[in-house]
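Each remark here refers to the structure printed beneath this line.
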Amino acid sequence: MSGFNEILTSISSLSKISFSVRKYVDFQKNKYVRKALIDIMNDKEFFKKLLFPSSTDLHIRTICPICGLGKKNIDKLQESHNSSEIKLEGYCPIHGNYEIIVNENNDEYVDINTQFRDLTKGVAMIEEDKKENTLTIMLDGGDWSGIWAQRMHTEGLVRLGFKEFPIRFFAPVILDWSGAKFSKSLYLKNDAYKNINSAFINYNNFINFYGLDGINKLWSEVKSWIDEPKKFFRNYSIDYFQDVMEGNCCE
Ligand SMILES: [Zn+2]
């Protein structure tokens, strides 16, 4: 997180907006998230088709409460539920069988995958929004917009009984030379970006190359997107940022 914290601190001072970071382990303790998860499990067939049409089950996992060991696949996990709780029974090769209970008021660890997180986050946002002086906004990359937001997210919330939806903004997507999303996992997997200026591959490289003034340059570029909405509702190639950083940009 250290790179992220530095970026957030820089942006916070430029925007004069304070920030705090909540980790997933805290997010999963949120009672609205847990309630949504229980409701989803009680309507399993619908949500399986909606969120994971090609999968055999919903993606819900846990870890050994003693050592934290968990499996990526859910084969060895027994799940049962009723209207107020989910029971997950797992097996740890070191500590043997264990049992995790998920209800609205406890905080035993439960892990859910991206689609699940997105939907339960929507629920938490709607509920948090009811507090006085609170306005929640979900901000995601543009690859979450379109069909996902329209069908999965919204239909899921409707099915869970909501009639209002969180405010969502979608940031422009950064694309590589082929028009695909500039993706960290792709880069890590197979040297796919070996021809791209290494300053754009990770934060440390970026700072070594452009210094903190590089952040200021990015900030003024991104700020211009808000001033001119047509710049916000589009995507950008990695080459575009090269030009921004070199001061050759852009109209
Ligand atoms: Zn264990």
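The values are calculated or read from the model by the stated rules, or taken from the named source; none is laboratory data. Owing to the predicted nature of the structure, the values given are computational and were not obtained by experimental measurement. Please note: Cβ atoms are built from the backbone with ideal geometry, for glycine as well, and neighbour counts cover all protein chains shown.
Which of the residues that make up region 136-185 are over 14 Å from the mean Cα position of the chain (by Cα), farther than 18 Å from TYR236 by Cα and among the aliphatic types (A, V, I, L, M)?
ILE147, MET152, LEU157, VAL158, LEU160, ILE167 - these are the residues of region 136-185 that are over 14 Å from the mean Cα position of the chain (by Cα), farther than 18 Å from TYR236 by Cα and among the aliphatic types (A, V, I, L, M).
Kindly indicate the residue of region 120-135 that is over 17 Å from the mean Cα position of the chain (by Cα) and without any contact (Cβ under 8 Å) to a residue 60 or more places away in the chain and also nearest to PHE27 (Cα to Cα) among those meeting that condition. Write out each step before concluding.
Looking only at region 120-135, we keep the residues that are over 17 Å from the mean Cα position of the chain (by Cα), and these are 127-135.
Of the ones still in play, those that are also without any contact (Cβ under 8 Å) to a residue 60 or more places away in the chain are 129-135.
Details: ASP129: 16, LYS130: 18, LYS131: 17, GLU132: 21, ASN133: 21, THR134: 18, LEU135: 18 Å.
In this case the residue turns out to be ASP129.
Test LYS35 against the criterion of being crowded, with 16+ Cβ neighbours inside 10 Å and touching a residue at least 12 places away in the same chain (Cβ under 8 Å), and give yes or no.
Working: crowded, with 16+ Cβ neighbours inside 10 Å: yes; touching a residue at least 12 places away in the same chain (Cβ under 8 Å): yes.
So LYS35 passes the test.
Given the criterion in the same structural domain as THR154 (by TED's automatic domain parsing), farther than 14 Å from VAL123 by Cβ, touching a strand residue (DSSP E or B) at 6+ places or on another chain (Cβ under 7 Å) and surrounded by 12 or more Cβ atoms within 10 Å (Cβ to Cβ), identify the matching residue among LEU58, LEU69.
Numbers: LEU58 fails: touching a strand residue (DSSP E or B) at 6+ places or on another chain (Cβ under 7 Å).
Residue meeting the stated conditions: LEU69.
Condition check: surrounded by 12 or more Cβ atoms within 10 Å (Cβ to Cβ) and among the small types (Gly, Ala, Ser). Does GLY214 satisfy that? Break it down stepwise before answering.
Values: surrounded by 12 or more Cβ atoms within 10 Å (Cβ to Cβ): yes; among the small types (Gly, Ala, Ser): yes.
Judged against the criteria, GLY214 is a match.
To keep it simple, each residue is scored yes or no on (1) more than 16 Å from the ligand (Cβ to nearest atom); (2) basic (Lys, Arg); (3) modelled with pLDDT of 95 or more.
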{"site": "ILE63", "(1), (2), (3)": "no, no, no"}
{"site": "LEU88", "(1), (2), (3)": "no, no, no"}
{"site": "ASN103", "(1), (2), (3)": "yes, no, yes"}
{"site": "LYS131", "(1), (2), (3)": "yes, yes, no"}
{"site": "LEU160", "(1), (2), (3)": "yes, no, yes"}
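Please go through region 149-179 and pick out each residue that is closer than 30 Å to LYS194 by Cβ and surrounded by 15 or more Cβ atoms within 10 Å (Cβ to Cβ). Break it down into steps so the answer makes sense when it comes.
To start, the set of residues in region 149-179 that are closer than 30 Å to LYS194 by Cβ comprises 170-179.
Answer for region 149-179, where residues must be closer than 30 Å to LYS194 by Cβ and surrounded by 15 or more Cβ atoms within 10 Å (Cβ to Cβ): PHE170, ALA171, PRO172, VAL173, ILE174, LEU175, ASP176.
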